[in-house]
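For reference, the structure is listed below as structure tokens.
The values are calculated or read from the model by the stated rules, or taken from the named source; none is laboratory data. Predicted model, so just to flag it, every value in this text is computed and none were measured. FYI the Cβ positions are ideal-geometry reconstructions off the backbone, even for glycines, and counts take in every protein chain you see.
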């Protein structure tokens, strides 16, 4: 990993109307705070895995990071250039928006939907080469595509190059989508649930392939998943970071070993509890670290710490203001008052249970 930052998110907000269109600041109570004040730096050749329940804002944050979703607040910068000022031609634009978008790529959960069903693999993979390597002739493009197909295990490459997407398995479609992104020579690839649609036996192979090709192309990955096992695998193997999102906020982030071996946010602990291979109490019937299962309505989130309605450690202080991130050292940060020994939290009364009993089912769907 390099010290040079590729993408920087600075206090980014993305707010939508409940119907799905973006509202300006000062919207009404139907505004969904999809992303709410997230800051994150992604250096060169880095891997950051974001995990959280469905609807937590991780995909919206990812799309904002690669310049396909405009934030309603904060700034997104690519190598120091404000992405949306470049798009609008505002100020001194040192890096054109077109160049920024080419350098920030995406592979989707459903690769079949992102590949043109009427185009062969060869045709789909020629497009990025024509865009990024206009000096190549037809023969050189064909050889380059065959080389990449062989590299990802699609043999014989001459045969696969002639196939249409419907003639490929889901795993093969995803490999073609990965090749297409890499042929743009990107600095960052958003892998949005890129392995979740694959059979369990193929997920590890795909993540290993992504990391193998990362070394060749010197790119960074922002890996989005609802599955903590997948996120921990790819971040762990890459010596990367894992970030935990809850209702639009990044509540904990840090090196994978530190976050999993010493989780500081109660929500991180809840996700680990709900993931069998990461649950140290899976065999002793330990009770769930949640006051209740239901996720609050994102159109009307709780005040203060948004997790306080489900948190077994919540106290009255948690209902007032949203906690700022506390730097624990070594890049490990957590947005929780419990990280500050001197905070008023410790003298604050505990919250009443409001009739909610602790749940007791270790269901992995809690992390979906």
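Does region 192-200 contain at least one residue that is in contact (Cβ under 8 Å) with a residue 60 or more places away in the chain, in a helix (DSSP H, G or I) and either over 26 Å from residue 123 (Cα atoms) or in contact with a strand residue (DSSP E or B) (Cβ under 7 Å, 6 or more places away or on another chain) (or both)? Even if it seems obvious, please write down each step before you answer.
Of region 192-200, the ones in contact (Cβ under 8 Å) with a residue 60 or more places away in the chain are 192-194, 196-197.
Then drop every residue that is not in a helix (DSSP H, G or I), which leaves none.
Within region 192-200, none of the residues are in contact (Cβ under 8 Å) with a residue 60 or more places away in the chain, in a helix (DSSP H, G or I) and either over 26 Å from residue 123 (Cα atoms) or in contact with a strand residue (DSSP E or B) (Cβ under 7 Å, 6 or more places away or on another chain) (or both).
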| task | Considering each of 111, 128, 117 in turn, give the residue that is exposed (fewer than 12 other Cβ atoms within 10 Å of the Cβ) and under 29 Å from the mean Cα position of the chain (by Cα). | result | 117
| Residue check: is residue 49 in a strand (DSSP E or B), buried (at least 21 other Cβ atoms within 10 Å of the Cβ), touching a helix residue (DSSP H, G or I) at 6+ places or on another chain (Cβ under 6 Å) and modelled with pLDDT under 95? | no
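Look at region 297-322 and say how many of its residues are in a loop (DSSP other than H, G, I, E, B), within 17 Å of residue 352 (Cα to Cα) and free of Cβ contacts under 8 Å to residues at least 60 places away in the same chain.
12
Every residue, every condition in (1) at pLDDT below 90; (2) farther than 23 Å from residue 339 by Cα, yes or no:
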residue: 229; (1), (2): no, yes
residue: 244; (1), (2): no, no
residue: 277; (1), (2): yes, yes
residue: 285; (1), (2): yes, yes
| request: Go through the residues of region 59-77 one by one and say whether even a single one is touching a helix residue (DSSP H, G or I) at 6+ places or on another chain (Cβ under 7 Å), in a loop (DSSP other than H, G, I, E, B) and at pLDDT below 95. | output: no
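Determine if region 153-162 includes at least one residue that is crowded, with 18+ Cβ neighbours inside 10 Å, assigned to a loop (DSSP other than H, G, I, E, B), within 28 Å of the chain's Cα centre (by Cα) and touching a residue at least 60 places away in the same chain (Cβ under 8 Å).
Checked against the condition, which is being crowded, with 18+ Cβ neighbours inside 10 Å, assigned to a loop (DSSP other than H, G, I, E, B), within 28 Å of the chain's Cα centre (by Cα) and touching a residue at least 60 places away in the same chain (Cβ under 8 Å), region 153-162 yields no hits at all.
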